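Structure first, then comments.
What follows is calculated from the coordinates using simple rules that are stated; it is not laboratory data. Computed from a prediction, not measured in an experiment: that's the story for all the values here. Heads up, the Cβs are rebuilt from the backbone with ideal geometry, glycines too, and the neighbour counts pull from every protein chain shown.
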């Protein structure tokens with residue numbers, strides 16, 4: 001599917017190499033390479049443009065244009081002319097953000113094209129390192145079989161976290177991260193996990209999580225775009241929306257429904273309403 005997306009564009013002729021834009025990019029998608037600012041990760045460029053205000057010479061702008069779903073091979077084709085340093089920076093960013101599927105595709109591209117690039121460091125089993133200024137936005141996936149069980153005096157029954165990835169806040173997460181591919185999603189209002197005691201075992205089990213607050217969060221249009229991209233590009237299977245029974249929480253369901261209507265693929269959507277006393281008020285496929 002082709003959809004409109006905000007994409008950062010850099011005029012290398014104007015770029016003076018000051019590096020101010022790199023400091024403004026909290027996703028780590030911009031790096032200084034050979035004296036110029038370059039996008040090393042289209043996957044993590046959120047298109048919000050924090051870098052633009054940092055550029056003293058106006059070398060960066062936002063272009064809204066139709067963009068194909070993320071394609072690692074297409075990205076490798078596009079950045080290859082910029083040289084080995086740009087390619088390695090791009091692949092290292094994927095590795096640091098635990099995007100193993102896309103990293104392997106990039107490494108396979110180098111091998112198939114017989115490019116003279118040393119990728120030894122990218123094939124190690126080291127733990128991913130933070131590649132940008134915000135530790136909270138670094139992608140992580142968790143091995144469920146190695147997760148500890150937690151017990152307490154109040155609850156002697158072992159409880160297991162069902163969270164499989166990080167981040168989970170809808171503004172921070174990348175809708176086409178490999179762990180969303182062909183998954184079942186639960187989009188949960190922030191308060192639901194605090195109100196419903198069995199959130200992990202009953203709602204989150206076997207699903208990928210995104211959280212949002214329809215009343216307090218800004219840029220809800222971005223939420224619609226991200227959910228739409230999950231449906232069309234990540235090819236998610238189902239979308240479950242968990243909200244509180246309070247009226248303002250219905251906004252999250254409306255956001256989800258708008259995204260489902262905008263998407264070209266059709267998927268089942270389920271609405272779960274949690275009571276303020278911790279009970280499930282209703283549960284219906286829409």
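List of remarks:
- Euclidean distance between Cα centres, segment 15-39 to segment 154-213, Å: 33
- Tensor-based shape of segment 71-124 (alpha-carbon gyration tensor, a/c under 1.5 rounded, otherwise prolate or oblate): rounded
- Ranking of 208, 254 by count of other Cβ atoms within 10 Å, fewest first: 254, 208
- For segment 181-277, the relative contact order is 37 percent, taking Cα pairs closer than 8 Å that sit 6 or more residues apart in sequence and dividing their mean separation by the residue count.
- Label positions at residue 6 and residue 20, each projected 7 Å from the Cα along the C-beta direction, are separated by 2.0 nm.
- Segment 174-239: C-alpha gyration tensor shape, a/c 1.5 cut-off, then a/b vs b/c: oblate
- DSSP beta bridges confined to segment 153-285 are antiparallel in about 25 percent of cases.
- Ranked 285, 166, criterion: other C-beta atoms within 10 Å, fewest first: 285, 166
- Here the residues 40, 246, ranked from fewest to most Cβ neighbours within 10 Å of their Cβ, fall in the order 246, 40.
- Segment 208-265: relative contact order in percent, alpha carbon pairs under 8 Å with at least 6 residues between: 47
- Projected label distance in nm at residue 13 and residue 112, using a 7 Å step from Cα toward the beta-carbon: 3.4
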